[in-house]
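Working notes for the structure below.
The values are calculated or read from the model by the stated rules, or taken from the named source; none is laboratory data. Predicted model only: the values in this text are computed from it and were never measured. Here the Cβ positions follow ideal geometry from the backbone for every residue, glycine too, while neighbour counts run over all protein chains shown.
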Amino acid sequence: MNSQNKAFGFIQDHHLQLLPVILLVAVAMTILSESFMTSQNMINLANRVSINLIIASGMTLLITSEGIDLSVGSTVGLSAVGAAIYFQNGWDASFGPYGAIVFGVAVGAAIGLVNGILVALIGLPAFIATLGTMLAVRGLVFITSSGRTIMGFDPRFIEVFSGFTFGIPRAVIVAGLTALVAAYVLNKTTTGRLLQGLGGNERCLYTAGIRVKRLKLGSYVMMGMLAGLAGLTLAASMSAAEPFAGSWYELDAIAVVVMGGTALTGGRGTVMGTVLGAILLGLVANSIILLGISAYYQTFVVGLMILVAIVMGSPVLTGARAN
Amino acid sequence: MTDARLIGGAGRESSGLITMLPAAIESMFRLSWRALRESWGLILALAILVLIFSQASPYFLNTLVLERILTNASFTLIMATGMTLVIATGGIDVSIGATLALSSMVAATLMNLGTPVLPAALAGLLLGAGIGAFNGSIISYLKLQPFIATLAMLSLARGMTLIISGGSPAFDLPEAFTSAFKDEMVMVIGLGGLLLTMVVMHRTRLGIQIRGIGGNENTCYICGVRVNALRIGVYAFQGIMAVLAGYTLTASFDAAEPTAGLSTEWLEALAAPIIGGNTMAGGRARLFGTLMGCLILATMRSGLNISGVPTAWQQVAIGGIIVGAVTLDVLTNRKKVS
Amino acid sequence: MKNILTASKICKQYAGTRALNEVDFEIGEGEILGLIGENGAGKSTLMRILCGIEQPTSGDIVMHGKPVEFSGPQAAQAEGIAMIPQEVLLVDELTVVENIFLGHEESGAFGLSKRQMLADTRAILAELDSQQVDPEHLTGNLPKGSQQMVAIARRVMQGGDVFVMDEPTASLTGEETQSLFKLLKKLKGEGKASVFISHRLEEMLEICDRIVVLRDGEHVGNFINDDTLTKDKLVAAMVGSAVANEFARTVSHIGELMLETDKVVISTFQGRKTHPISIQAHAGEVVGITGLAGVGKTELAHVLSGLRPVVEGELRLRGRPITLRSPVDALKNKIGLVSEDRRAEGLVLELTALANMTLTSLKKLSRLGRIEKDRERQLGLLMKDKLNMRTEYLGRDANHLSGGNQQKVVIIRQLCSEAEVLLLDEPTKGIDIGAKAEVYRLIGDLVAEQKAAILFSSEPQEVLGVCDKLYVLTSHGFLGPYAKGALDYAGLMALEFGTATSDTPMEAAE
């Protein structure tokens, strides 16, 4: 299982079962729709997949450690609006246009910290705590934006996330790097090992003398920061921050993590699977639009994908022990 | 098999009506007394809220506002009653908002297609029960976490609603339908559902067993309780309650909206039982507490509205209340470590 | 007297070991039967077979004159077997009356017959002299003893012909125990039989009509309880001529004083406080802590590893007082626990054996947070050589290892993290003979490296064979230390069962 002595061994996860499905959909779409293999469509697709992947990479680590964060969609919104306000208030005059990036990520980190305190220190069930922050943060998005779409980003800021390097969209580069780092952390580092342990048997880690609370707290802050980053990417790609930005992103992220083969019961996670899951979800959503099927099918398809993934991963069917 | 009773058996009570009546009245008094004892803090909180808002705004103490509060509370109560039972089993159902929208849309679409009101409404109820039963089944038999299983259902049902409706509301519903679920009928359904559920929870074995599942599923199984069937039933009941709530919403808008139940309605249905002293850990079903939770939430909402607090802040407040209530729950009911 | 149940030639074979060997066993109408034997003698296995939880490898059971086969607990219940397990199975969130009738609720025309159930509950609680228990109280809030009484009441309420009780008095007070005995006598008067397991021999002598002794899976004694029967006779029968196994181990140099408890009082799971415990563990020494079930061995291990608080007294490491607020502190002080429950506490089953071994020593195996897998693997290979473990096991998920190998992995973790004091809580529970020997050898190697090992075990042969020094925890006092060889099997049994008092304590171990 372990691929030692390979420079990029951490990419070689064994969750490639989605690959044939992706190829199948891509080939079918190339035949069925002329606009599929156009550069414009590919860029659209890449942007969508990228933003989801930034969140989903963090979510993979979180779910591997048996946590979950439902507030990421709202955090995306608050980070986007935060960056917009940064420029609106002219803070870039003193801190430069790139200070908005720091600001957006810091906003995410702050929300992550709140989640971490609720879950790790107080001991609330993760989904209910983050459900509460999801609601509260979305409220804050509306308050800070006064319910309006805010524009007026500095072009230099936008360029960071929506330009091209070597012909590759920056969003893809950001997402790719995020996924790479997440995979590295999960498979190669102490933190990753302990996150797996946390998801597998928290009691064992605690008994062994590992600082479990600190680890958990850190994982939620990390998640918040990544959601902040996704919010910046989204704002840059649209050159605007709207109050509904990021709604339902949590569902998309959970869907692709589960589809990729990460166990909801914790202990086992694969970032590579998540990458493939994100690509598949993006492809399917893109196909629905290109084929002229009502966009309303999208929500249904996401639900169906989650359902199939969780049923296939059920402890009863996989013979794994139930928690 | 051996005789069921070795000890005890003080003379059997005759179950004639006349002897039962005083017993029933006495048990009612005892229950009310217990509910009062468990929930005096909530009653106090509600009184304080009313006091604060009546000071903050001269328009608060007004029959129209009070009627609005009661109607809103009843609407939440319909779903919260079901949720109380789901939480009592140690589960959760996040799909109720979507179930509500889908069933209402299906019923409304059927009516618009010319189906008589009764069969159309029944079809919606059946659908809701089916969705709930499906949730309960995959949770029971596939041992999935209730939260994630119902999350998938949320997405499925919401998508289905959008597909059926094409994204637009279904208007022009028959008068017979809207009048049956409008205005004071919301209160009738809410309170009726609550009373019925109270009777079931207090007067039948189901009550004990539902709480038992949440307390210790394994012990219940050993004692011969049909754990899976009961849980599926509870989720199905929650589905039906969600549909009823959806019908009242549809009737008040005079249209089935594809986005119905999308915002915080269902979250309030989750928050109300927890505010009311039920615990996420399961094993408890305080329905009177749930009623108080609904009243507190509705009072806050109307009060904040009248006091001129923007909707967005209200959302922050409700998010905060949920987290606060759950925090309180976790801190007071933290299971003792070994 | 008519026999209600007759079991003949019951054998139970587990992988590698024979738990029961052709055991004959019968219970007559109105008889109260005691069943005794050392840990591992086979009494629990026999009980589980009678209650249908396990099926015998061979042998027959005849009940009420007809042969029966218990495919499961329900089948046994249907034949009239009523089991009261050691673990109290109640729903904490339900009231006493709800618990007693759970699954058998009584309904009339107007729903539940609450008054009837309440009256019946009061009646049965009165039978057990537990009137002070409010039937409408939540069971979770009751003291442990009352909970046990409620569990007994529920089983009696549901009826049966043979009541099988496994250590029912463990969490009861003296008065509660007397009430239980009164109930047993009442059942006896109704022709019901009871099988009663207890470590407390004086209770056995008080209540039982007949006492059956098991040893190493065989029926070795059958005593009619008349005036001539004494505790000593029973202990002699339990012990037989068995001698402690000698596990070959060179005694190593006894070094400095490592961990010390000074009149430490802890609370047990039943909520009782123990007698003050004073132990001293030196480097190069295997210290044994033994005693019957429920005296607080595991709790003591938890206190020494920061999982439970000290109620009174002081812990010292190398003469310096220490406070262990959590296992993090224990790890810092290089105290490592090998927990009793490997699967629930010891291992992350989803991780490989190697990852489980290095779980607490990742810091020294990593640079800038990156685990240097070559070094990790080298450490694993080194450790693997200390045991008879195949190289391929290192990469295998812990879930797919045998119990013995799992235990080795957990102990190895302490070696990797360089723990200086090892707390081993029942380290050989549920593993086969070969693996046991490996574990003992490993403990020997550890102390040879001048570490201190404290072995918490209820297996007399194990502690007598392995430990350099032995302490005995009993409900009547904390005894010891006894030097190796100062106690033999019979002597230890006599101490544990309270038939002898501490008369040969070792000189202060300096």
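Could you tell me whether A:Arg156 is in a helix (DSSP H, G or I), away from chain B (no Cβ under 14 Å), touching a residue at least 40 places away in the same chain (Cβ under 8 Å) and of a type in the set (Lys, Arg)? Yes: the conditions hold for A:Arg156.
Selection of first residues in the range C:301-319 that are within 16 Å of C:Ile454 (Cβ to Cβ) and of second residues that are assigned to a loop (DSSP other than H, G, I, E, B), restricted to Cβ pairs under 6 Å at least 6 apart or on distinct chains, gives the following pairs, ordered by first then second residue: C:His302/C:Arg308; C:Val303/C:Ile266; C:Val303/C:Val310; C:Gly306/C:Leu324; C:Gly306/C:Ser326; C:Leu317/C:Asn333. Examine the range C:38-48 for a residue that is free of Cβ contacts under 8 Å to residues at least 24 places away in the same chain and either touching a Lys or Arg at 6+ places or on another chain (Cβ under 6 Å) or within 14 Å of another protein chain (Cβ to nearest Cβ) (or both), and state whether such a residue exists. Among the residues of the range C:38-48, not one is free of Cβ contacts under 8 Å to residues at least 24 places away in the same chain and either touching a Lys or Arg at 6+ places or on another chain (Cβ under 6 Å) or within 14 Å of another protein chain (Cβ to nearest Cβ) (or both), which makes the answer no. Annotation note: Cβ proximity below 9 Å between a residue of the range C:99-121 that is touching a residue at least 24 places away in the same chain (Cβ under 8 Å) and within 7 Å of another protein chain (Cβ to nearest Cβ) and a residue that is of a type in the set (Lys, Arg) and surrounded by fewer than 17 Cβ atoms within 10 Å (Cβ to Cβ) (sequence gap 6+ or interchain) occurs for C:Asp120/B:Arg5.
Only residues that are closer than 16 Å to B:His202 by Cβ and part of a strand (DSSP E or B) were counted in the range C:69-116, giving 5. The set of residues in the range C:376-388 being part of a helix (DSSP H, G or I) and aliphatic (A, V, I, L, M) consists of C:Leu379, C:Leu381, C:Leu382, C:Met383. In summary, C:Arg308 fulfils each of the numbered conditions (1) surrounded by fewer than 22 Cβ atoms within 10 Å (Cβ to Cβ); (2) over 20 Å from C:Gly346 (Cβ atoms) with the single exception of condition (2). When you check C:Leu300 against the structure, is it modelled with pLDDT under 95, surrounded by fewer than 23 Cβ atoms within 10 Å (Cβ to Cβ) and among the aliphatic types (A, V, I, L, M), yes or no? So C:Leu300 fails the test.
Only residues that are in a helix (DSSP H, G or I), among the β-branched types (Val, Ile, Thr) and touching a residue at least 40 places away in the same chain (Cβ under 8 Å): list them for the range C:389-428, please. Passing the criteria: C:Val409, C:Val410, C:Ile411, C:Ile412. The residue list B:Ile318, B:Ile322, B:Ile306, B:Ile296 contains one member that is at pLDDT 85 or above, aliphatic (A, V, I, L, M) and under 21 Å from the mean Cα position of the chain (by Cα), which is B:Ile296.
Residues that are away from chain A (no Cβ under 13 Å) and modelled with pLDDT of 85 or more were ranked within the range C:394-407; the one that is farthest from the chain's Cα centre (by Cα) is C:Asn405. For the range C:472-500, filtered to residues that are modelled with pLDDT of 85 or more and β-branched (Val, Ile, Thr), the residue that is farthest from C:Gly294 (Cα to Cα) is C:Val472.
Taken over the range B:137-152, the criterion of being of a type in the set (S, T, N, Q) and more than 7 Å from chain A (Cβ to nearest Cβ) is satisfied by B:Ser137, B:Ser140, B:Thr150. In the range B:134-149, the residues that are without any contact (Cβ under 8 Å) to a residue 40 or more places away in the chain and within 16 Å of A:Met305 (Cα to Cα) form Cβ pairs under 7 Å with partners that are in a loop (DSSP other than H, G, I, E, B) and of a type outside the set (A, V, I, L, M, F, W, C), at six or more places apart or across chains, as follows: B:Leu144/A:Ser314.
With respect to the conditions (1) surrounded by fewer than 18 Cβ atoms within 10 Å (Cβ to Cβ); (2) away from chain B (no Cβ under 13 Å); (3) in a helix (DSSP H, G or I), A:Val107 lacks only one, and its number is (1).
I'd like the full set of residues that are assigned to a loop (DSSP other than H, G, I, E, B) and crowded, with 22+ Cβ neighbours inside 10 Å, limited to the range B:281-300.
B:Gly282, B:Gly283, B:Arg284, B:Ala285, B:Arg286
The lone criterion from (1) more than 22 Å from C:Lys144 (Cβ to Cβ); (2) crowded, with 19+ Cβ neighbours inside 10 Å; (3) touching a residue at least 40 places away in the same chain (Cβ under 8 Å) left unmet by C:His253 is number (2).
Among residues of the range C:337-357 being more than 8 Å from chain A (Cβ to nearest Cβ) and either in contact with a strand residue (DSSP E or B) (Cβ under 9 Å, 6 or more places away or on another chain) or more than 23 Å from C:Glu426 (Cα to Cα) (or both), the one that is surrounded by the most Cβ atoms within 10 Å (Cβ to Cβ) is C:Val338. Only one entry of B:Thr290, B:Thr248 meets the criterion of being touching a Leu at 6+ places or on another chain (Cβ under 8 Å) and polar (S, T, N, Q), and that entry is B:Thr290. Consider the range C:408-435 and keep the residues that are buried (at least 19 other Cβ atoms within 10 Å of the Cβ) and away from chain A (no Cβ under 14 Å). The one that is nearest to C:Thr358 (Cα to Cα) is C:Lys408. Taking the condition over 13 Å from the mean Cα position of the chain (by Cα) and within 14 Å of chain C (Cβ to nearest Cβ), does B:Arg226 pass? The answer is yes for B:Arg226. All of B:Ala285, B:Ala245, B:Ala272 fail the test of being farther than 30 Å from C:Leu102 by Cβ and touching a helix residue (DSSP H, G or I) at 6+ places or on another chain (Cβ under 9 Å), apart from B:Ala245.
Conditions (1) assigned to a loop (DSSP other than H, G, I, E, B); (2) more than 25 Å from the chain's Cα centre (by Cα), marked per residue:
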position: C:Gly271; (1), (2): yes, no
position: C:His275; (1), (2): yes, no
position: C:Ala281; (1), (2): no, no
position: C:Val287; (1), (2): no, no
position: C:Thr298; (1), (2): no, no
position: C:Val303; (1), (2): no, no
position: C:Glu340; (1), (2): yes, no
position: C:Asp374; (1), (2): no, yes
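For the condition more than 12 Å from chain B (Cβ to nearest Cβ) and at pLDDT below 85, A:Gly277 does not qualify. Filtering the range B:176-186 for residues that are touching a helix residue (DSSP H, G or I) at 6+ places or on another chain (Cβ under 7 Å) and crowded, with 23+ Cβ neighbours inside 10 Å leaves a non-empty set. Of the helices (runs of 4 or more DSSP H) lying entirely inside the range A:165-268, those carrying at least 2 residues that are more than 10 Å from chain C (Cβ to nearest Cβ) are A:170-188, A:212-238, A:249-260.
For residues that are surrounded by fewer than 20 Cβ atoms within 10 Å (Cβ to Cβ) and modelled with pLDDT of 85 or more, scanning just the range C:380-393, find the one that is farthest from A:Ala182 (Cα to Cα). By that ranking, first place goes to C:Leu382.
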